[in-house]
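A.B. asks: Shown below is the structure under consideration.
What follows is calculated from the coordinates using simple rules that are stated; it is not laboratory data. Here the structure is a predicted model, which means the values were calculated and not measured. Cβ placement follows ideal geometry from the backbone for every residue including glycine, while neighbour counts extend to all protein chains displayed.
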Amino acid sequence: MKQIKTIAIIGAGAVGTFYGGKLVKAGFAVQFQSRFMFASKTKTMHVKSVWGDFNFPIQVYSDINSMDKADFIIISAKSCNPQKDLIQYSTLIKKIRKQNSIILVLQNGINMEEKLGKVFPKNPILGGLAFTCINRTTHEEIHHIDYGQIKIGSLKGRFEKEAKLITDIFLQSGIDTKYENNLRKARYEKLLWNVPFNSLSVIGNKSSTKEIIEFKLLFDLAKKLMLEVRSIAKKENIDLKISLIDDMLERTKKMKPYKTSMLLDFEKGNTMEVESILGEIYKNGKSLKAITPHLDYTYSVMQFLNRKHLSR
């Protein structure tokens, strides 16, 4: 089995930096690619976490050409334009990829593993889903508010051994991690939550998860969106149980009030993940002839808000 000695994280935002920090603390050599932290001359990261606070020295690069080739590459950059991002990721990966480097897509949304699999057919392509509440408060501080589990699976089950290896490495690094034998299903499961709550946090006039849950009209719309995501998955012969939706809503009720990543980007004037979280599943639904009126409307509104907000 392949040994992991060097790790590269492309797009080290809050999520990538937090989990990368756990790997650093476990003794791995981790390189972080982040123009933001490089420009801020960040040398040490301070993490406030429900799992326990910690600090770690961080090796940051702005230019991928300055980084060493890596055994394990993690893509944790937010994907706001999947088609353009695919070209960018492919270019960056080629510069630090070894012949058998493992590539993990640690992002929201769906379809990126399949796209990268066509570019790198011989490299193990994995997908990671982070069920967590993590925000960056400054260039050198991360706040891990709640949850934190990562689910890891492989593209079409082709790289099961590599997925289990990375799962074990994460577990040994103190990261709550679960091996997922059906990555595509897991992607849809996460979209059950991401589609409604990321969108409605912005549409609902900067609402936290608590406010969405407590306002009946938004709560009802959230559930309708979840049911439509489920209907698209069903067209791919992926059965998501109704009880899963109820469980997610109940967990969200108990969650500490949380601003979604899309809302934080909206407030900062950054591009939101509208295309990766909504656009890709919308396209899936249309190609499968699923009937999704609430998703169609929500996606249209979010496209408008994304463009209108950025034009200010």
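A.B. asks: Test of understanding: extend the Cα→C-beta vector of F131 to 7 Å, then name every residue of region 152-170 with backbone N under 14 Å from that spot.
C.D. replies: So the set is 152-153.
A.B. asks: Over region 8-65, what lengths in whole Å, largest first, do the semi-axes of the equivalent ellipsoid take, defined as the square roots of 5 times the eigenvalues of the alpha-carbon gyration tensor?
C.D. replies: In descending order, the three semi-axes are 19, 12, 10 Å.
A.B. asks: Right, next: In region 215-259, whose amide N lies under 17 Å from the spot 7 Å out along Cα-to-Cβ of K289? List them in ranges.
C.D. replies: Correct set: 231-237.
A.B. asks: Now for a different question. Compute the FRET efficiency between D246 and N65 as 1/(1 + (r/R0)^6), taking r as their Cβ-Cβ distance and R0 = 41 Å, and round to the nearest 0.05.
C.D. replies: Working: r = 49 Å, r/R0 = 1.20.
E between D246 and N65, to the nearest 0.05, is 0.25.
A.B. asks: What number comes out for the charge environment of T292, summing +1 per Lys or Arg and -1 per Asp or Glu over other residues with Cβ under 11 Å away?
C.D. replies: +3
A.B. asks: How would you rank 142-151, 104-113, 215-224, highest first, on the average number of other Cβ atoms within 10 Å across their residues?
C.D. replies: 104-113, 142-151, 215-224
A.B. asks: Let me ask something else about it. Given the chain, what percent of its DSSP beta bridges are antiparallel, to the nearest 5? Can you show the working numbers first?
C.D. replies: Numbers: 16 of 44 bridges.
Roughly 35 percent of the DSSP beta bridges within the chain come out antiparallel.
A.B. asks: Of the cross-linked pairs K234/K254; K223/K253; K190/K253, which ones have a Cα-Cα span greater than 19 Å in the structure shown?
C.D. replies: Cα-Cα > 19 Å for K234/K254; rest within.
A.B. asks: A follow-up question, please. Using only Cα atoms, figure out Rg for region 166-312 and give it as a multiple of 2.2 N^0.38 Å.
C.D. replies: 1.08
A.B. asks: Please tell me which of these pairs span more than 32 angstrom C-alpha to C-alpha: K48/K178; K78/K118; K241/K268; K224/K268; K25/K84?
C.D. replies: Pairs exceeding the cut-off: K241/K268; K25/K84.
A.B. asks: When the Kirkwood radius is taken over all Cα pairs of the chain, what Stokes-Einstein diffusion coefficient follows at 4 °C and 1.567 mPa s, in µm²/s?
C.D. replies: 66
A.B. asks: Per the Cauchy relation, a quarter of the hull surface: what is the mean projected area of the convex hull of the alpha carbons in region 31-116, in nm²? Spell out each step's value before the answer.
C.D. replies: Details: hull surface 27.3 nm².
Here the figure is 6.8 nm², rounded to one decimal.
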